[in-house]
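Notes for the one structure printed next.
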Amino acid sequence: NTILCFLRSFECSQKNAVLVPVAALGVGGMLVYWLRSRHKIETMEMGNGWWGSGERRLKGKEDESIRPFKIVTSDKEIEDLHRRLDQARYTPHVEGAAFHYGFNSSYLQKVVAYWRNQFDWHKQVEVLNKYPHFHTTIEGIDIHFIHVKPSYVPHGRAVQPLLMVHGWPGSFYEFYKIIPLLTEPARHNLNEGDVVFEVICPSIPGYGFSEAPHQPGFDSVATARIFHKLMNRLGFKEYYLQGGDWGSRVTTNMAQMLPQSVRGLHLNVVFVNKQGFGRLISIMLGAYVPWLVGLSREDARRIYPFMQKNVYDILRESGYLHLQATKPDTAGCGLNDSPVGLAAYILEKFSTWTDKSFLNKDDGGLESKYSLDELLTNVMIYWVTSSIVSSMRYYKENFSKDPNLNAHSSVHVPTGIAAFPQEILHTPRTWAKDVYKNIITYTYMPRGGHFAAFEEPKLLAQDIMQFVRKVEQL
Amino acid sequence: NRLGSPEFSSLAGIMLLEVFLVLGTVIIYFLFSKKKEETLPFKEGWWGKGQKPDTEEDTTIRPFKVETTEEELSDLFRRLDQARFTEPLENSCFHYGINSVYLKKVVSYWKNQFNWKKQVEILNKYPQFKTKIQGIDIHFVHVKPPRLPEGQSAKPLLMVHGWPGSFYEFYKIIPLLTDPASHGLSDEHIFEVICPSIPGYGFSEAPHKKDFDSVSAASVFYELMLRLGFSEFYAQGGDWGWLICTNLAQIAPNHMRGLHLNLVSVTKVGFSQVLSVLLGRCFPGLFGFQEEDVRRMFPFLEKGFYRILMESGYFHIQATKPDTVGCGLNDSPVGLAAYILEKFSSWADVEFQNLEDGGVERKFNLDDLLTNVMIYWVSGCIVSSMRFYKENLKKGIGTQKHEKLTVQVPTGIASFPNEIMHTPQAWAQKKYTNIVSFNFMPRGGHFAALEEPELLAKDILQFVGKVEKE
């Protein structure tokens, strides 16, 4: 109409001289708005990258082969470790320190004695090799991953591909207990419907057996892109994602980047930006009238008292993050040279992030939830691959680009959230909705902390399965 | 009529007078109570192992010499030989922390050229002692002037180091203060210098109990000075030394003739400071800022806020988990050197992080740097040195009593341009109410005594000159 009017305007009266531009502006405005709102649902840019050393060889295609890999060790490696354990120098802790000053050195000596005399790395390597490992080169670096297919698929059941991403200071090994529950649920009395998975657990570049990037700038977005390429190379067009810690951020980026490939996203940690005046008001009101601001009773129980749990506790626990996000090469140097120092640094997190009350224990409560064999196997992965420094650089690369860890755009793929009670930060469903627009399930888990897959594999597996079942029914 | 009657008016007059008197007293009391000089109480403590024994403490002062053994050296070399390095990212210089390519060069020097036996002799050239105070052995250097002109007496000067420094940082400045004439400086004032090691650092025993903070250290050093027979003394400090000497001035103002600082930190942030940050660039005069203050502080986001954020990771982790972060450093000399030497790069000049070698050897020589690292290594004190951060910060910043009290002792401040953050005189005088001298130094950074001993010595001398005149 406007266009027709405009065409006729040459003959129209002066009144139209005002109406026409106004109408044009109106249409123009709507057009702009429509374009911009389309931009809001637009996916994150995939981009491209190259992380190998030196100059990128532009000629010739990248080697896309998938090579089987087995972890190996040698007597020399173990002897070197033992020598370093034997020469370790400890500092007596102050009286009554427990775990308040960090890892208790008296308990550390006990752990090292076990490590030196009872821990059997040859045996643990066999345990690690029980699942098939592979290497493949993507964007110039070797990506390590394990790929576990179900040995038996019941008739008529579809096998869902599931990519599970670890965090720091964890590794692919964290998933070893949960993998059988997901690939063979029936065998473990987990008949939560018709869901069976084939599981792919890669190592983030710079962690474990994945090559470390040689160029600066390798962040979670680059990781997300590489993992999409990996799944593509393995022949998957659509898949599920699961993650906690850095894995949560990587899988979220994956869902933002290529939503059409992500059937569902399951997280056991949710990072949302809590800034904004409205959020501040809701936090203050929530202490008294949680229901008014969309907080459940359990939410209120977990996030209040706010200053204590969200500010002081975080300040107390984030020293490592601050240091690694600014001077990773300095922080990791001694840890790559002293296995005892490495163990203290890593295992402190397995204590405090599993249960905050473990700070008061002389032994950090470590062995109440984990065995020394599994804890030390994870530490050994960092030790034998010398990956502690590159694992820390990930913090600097991610935080220097985006200090608030803001999601670049929202997530529209079906999302499931498992909220564990002892997680460092609790994110209520109402806050998660800021980023995750399509939350299918949100579960308050009865127990467990940060290392969910490691500590409570059955609980996590059940939640993943009931989430996937709901998504498949959609 | 009743209101106008003489009895009523005189009654009203009396009542009004009473009200005014009360008000006046309240106002006067309020004004004066603000000016009331409150001292910080001396902190008693006992830091030894187990229970405090009933017997009287041994107060003898025993001579001490640093020693080394073949075993110590061969153990060190073995660890240096087996060091595992991680390749740096391409073109990262010192942006990710210390560059391991440069670190390898340092380690090679350490193994092949650095002579620890020779350095031990250098350390021992000044007389050192140990004495037990509050249950722990306190190590200190005590250097008397080699000669004194007729009629002059040596002024006692306590100099306190910080982290990751040690008493060794003062070895270049000591001769300028004990024997100024031989170094081309005026000998109007000559000092006998006492450099203790903070408990938990170097050869001072580490406290075995919790809560050994800067006030505890100040109390211990106060006892030390009294034990050495000094009833009046000067104190000088930077880094932790700044805080300990400040606390000492608050505990014993009548014993301290003067306080000289090369670092001043503001921990009680007030509204006026926030305002001065927001508007100080446009209206410097309004907030008492000089031109040089503005040049050093602004843009504040970059030079103040962002710089502190980038440089305080170590501070954050040491103030929360010292035993964890120090563990590996006490076991790997290369890790220890990396951690400590990085500070001698970034705290000497913020631009040094853009250099492949961190500019470390532009301001210091490797022998001095490695001697300092060796003090931490041979004494195994890195963890206890880090605990000092937690003990001072675990109750919060700006909440401690000593942070709320002012300092009335005559104060001199030497403000070095490459210090991590610049504190203008306008802010310093809120706490240090009797600033006698405040000078912008032409060059130098955080480790002033080691980097620019002559500049610092001259500033101390002119400060003392001013104090003695008054």
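The values are calculated or read from the model by the stated rules, or taken from the named source; none is laboratory data. Note that this is a predicted model, so its numbers are computed, not measured. Ideal geometry is used to build each Cβ from the backbone, glycine not excepted, and the neighbour counts take in all protein chains shown. All accessible areas refer to the heavy atoms of the entire protein, side chains included, with ligands and DNA or RNA removed. Shrake-Rupley method; radii C 1.70, N 1.55, O 1.52, S 1.80 Å.
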- Query: Do we find that B:N262 is open to solvent by less than 50 Å² (accessible area, probe 1.4 Å), touching a residue at least 12 places away in the same chain (Cβ under 8 Å) and more than 14 Å from chain A (Cβ to nearest Cβ) in this structure?
  - Reply: yes
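Rundown of residues vs (1) facing another protein chain (nearest Cβ under 7 Å); (2) in contact with a helix residue (DSSP H, G or I) (Cβ under 8 Å, 6 or more places away or on another chain); (3) touching a residue at least 24 places away in the same chain (Cβ under 8 Å), yes/no style:
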{"residue": "B:M310", "(1), (2), (3)": "yes, no, no"}
{"residue": "B:V334", "(1), (2), (3)": "yes, yes, yes"}
{"residue": "B:D357", "(1), (2), (3)": "no, yes, yes"}
{"residue": "B:D368", "(1), (2), (3)": "no, yes, yes"}
{"residue": "B:W377", "(1), (2), (3)": "no, yes, yes"}
- Out of the residues in the stretch A:310-355 that are of a type in the set (V, I, T) and within 19 Å of the chain's Cα centre (by Cα), which is farthest from A:A88 (Cα to Cα)? A:I314
- If you go through the stretch B:227-247, how many residues are touching a residue at least 12 places away in the same chain (Cβ under 8 Å), under 20 Å from B:I61 (Cβ atoms) and more than 12 Å from the chain's Cα centre (by Cα)? 6
- Task: Kindly check whether there is at least one residue in the stretch A:312-327 that is away from chain B (no Cβ under 14 Å), modelled with pLDDT under 95 and either open to solvent by less than 30 Å² (accessible area, probe 1.4 Å) or within 26 Å of A:K110 (Cα to Cα) (or both).
- Result: no
- Message: Quick check on the stretch A:210-220. Is at least one of its residues part of a helix (DSSP H, G or I), open to solvent by less than 10 Å² (accessible area, probe 1.4 Å) and out of contact with any Pro (no Cβ under 9 Å at 6 or more places or on another chain)?
- Response: yes
- Filter the stretch A:90-111 down to the residues that are under 29 Å from the mean Cα position of the chain (by Cα) and either open to solvent by less than 10 Å² (accessible area, probe 1.4 Å) or farther than 26 Å from B:I317 by Cα (or both), then identify the one that is farthest from the other protein chains (Cβ to nearest Cβ). A:V111
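Condition check ((1) over 23 Å from the mean Cα position of the chain (by Cα); (2) at the interface with another protein chain (Cβ under 7 Å from one of its Cβ atoms); (3) open to solvent by less than 10 Å² (accessible area, probe 1.4 Å)) across all residues:
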{"position": "B:F287", "(1), (2), (3)": "yes, no, no"}
{"position": "B:L301", "(1), (2), (3)": "yes, no, no"}
{"position": "B:R307", "(1), (2), (3)": "no, no, no"}
{"position": "B:G313", "(1), (2), (3)": "no, yes, yes"}
{"position": "B:Q318", "(1), (2), (3)": "no, no, yes"}
{"position": "B:T324", "(1), (2), (3)": "yes, yes, yes"}
{"position": "B:G328", "(1), (2), (3)": "yes, yes, yes"}
- Task: Scan the stretch A:349-359 and give yes if some residue there is more than 7 Å from every other protein chain (Cβ to nearest Cβ), aliphatic (A, V, I, L, M) and out of contact with any Ser or Thr (no Cβ under 9 Å at 6 or more places or on another chain), otherwise no.
- Result: no
- Task: Among what's in the stretch B:391-405 and is over 16 Å from the mean Cα position of the chain (by Cα) and either at the interface with chain A (Cβ under 10 Å from one of its Cβ atoms) or hydroxyl-bearing (S, T, Y) (or both), pick the residue that is nearest to A:Y90 (Cα to Cα).
- Result: B:K394
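The rows are residues; the columns are (1) within 12 Å of another protein chain (Cβ to nearest Cβ); (2) open to solvent by less than 30 Å² (accessible area, probe 1.4 Å); (3) in contact (Cβ under 8 Å) with a residue 40 or more places away in the chain.
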{"position": "B:E87", "(1), (2), (3)": "yes, no, no"}
{"position": "B:Y96", "(1), (2), (3)": "yes, yes, no"}
{"position": "B:F114", "(1), (2), (3)": "no, yes, yes"}
{"position": "B:Q134", "(1), (2), (3)": "no, yes, yes"}
{"position": "B:H139", "(1), (2), (3)": "no, yes, yes"}
{"position": "B:R147", "(1), (2), (3)": "no, no, no"}
{"position": "B:Q152", "(1), (2), (3)": "no, no, no"}
- Lone unmet requirement of (1) surrounded by fewer than 17 Cβ atoms within 10 Å (Cβ to Cβ); (2) free of Cβ contacts under 8 Å to residues at least 40 places away in the same chain for A:G294: (2)
- Task: Kindly indicate whether A:D363 is touching a residue at least 12 places away in the same chain (Cβ under 8 Å), away from every other protein chain (no Cβ under 11 Å) and acidic (D, E).
- Result: yes
- Message: Condition first: part of a loop (DSSP other than H, G, I, E, B) and either at the interface with chain B (Cβ under 7 Å from one of its Cβ atoms) or free of Cβ contacts under 8 Å to residues at least 60 places away in the same chain (or both). Can you find one or more residues in the stretch A:368-383 that meet it?
- Response: yes
- Item | Options A:V159, A:V148: the member that is touching a helix residue (DSSP H, G or I) at 6+ places or on another chain (Cβ under 7 Å) and either open to solvent by less than 20 Å² (accessible area, probe 1.4 Å) or among the β-branched types (V, I, T) (or both) | A:V148
- The condition from (1) open to solvent by less than 10 Å² (accessible area, probe 1.4 Å); (2) touching a residue at least 60 places away in the same chain (Cβ under 8 Å); (3) out of contact with any Leu (no Cβ under 8 Å at 6 or more places or on another chain) that A:L190 misses is numbered (3)
- Message: I need the helices (runs of 4 or more DSSP H) fully contained in the stretch B:368-438, keeping only those with at least 2 residues that are touching a Pro at 6+ places or on another chain (Cβ under 6 Å).
- Response: B:382-393
- When you scan the stretch A:436-459, how many residues do you find that are surrounded by 22 or more Cβ atoms within 10 Å (Cβ to Cβ) and either over 18 Å from the mean Cα position of the chain (by Cα) or closer than 20 Å to A:A255 by Cα (or both)? 1
- Flagged in the stretch A:266-301 as farther than 17 Å from A:I417 by Cβ and among the aromatic types (F, W, Y), in numbering order, are A:F277, A:Y288, A:W291
- Message: Restricting to the stretch B:15-70, and then to whatever is touching a strand residue (DSSP E or B) at 6+ places or on another chain (Cβ under 8 Å) and among the acidic types (D, E), can you tell me which residue is modelled with the lowest pLDDT?
- Response: B:E57
- Query: For A:I424, which of the numbered conditions (1) of a type in the set (A, V, I, L, M); (2) more than 30 Å from A:E45 (Cα to Cα); (3) within 13 Å of chain B (Cβ to nearest Cβ) fails to hold?
  - Reply: (3)
- Which one of the conditions (1) part of a loop (DSSP other than H, G, I, E, B); (2) in contact with an Asp or Glu (Cβ under 8 Å, 6 or more places away or on another chain) does B:Y201 fail to meet, given that it meets all the rest? (2)
- Scope the stretch B:184-216; condition open to solvent by less than 10 Å² (accessible area, probe 1.4 Å), touching a Pro at 6+ places or on another chain (Cβ under 8 Å) and farther than 23 Å from B:Y126 by Cα; matching residues: B:F212, B:S216
- Only one of (1) farther than 30 Å from A:Q256 by Cβ; (2) open to solvent by less than 80 Å² (accessible area, probe 1.4 Å); (3) within 14 Å of chain B (Cβ to nearest Cβ) is not met by A:Y114, so which one is it? (3)
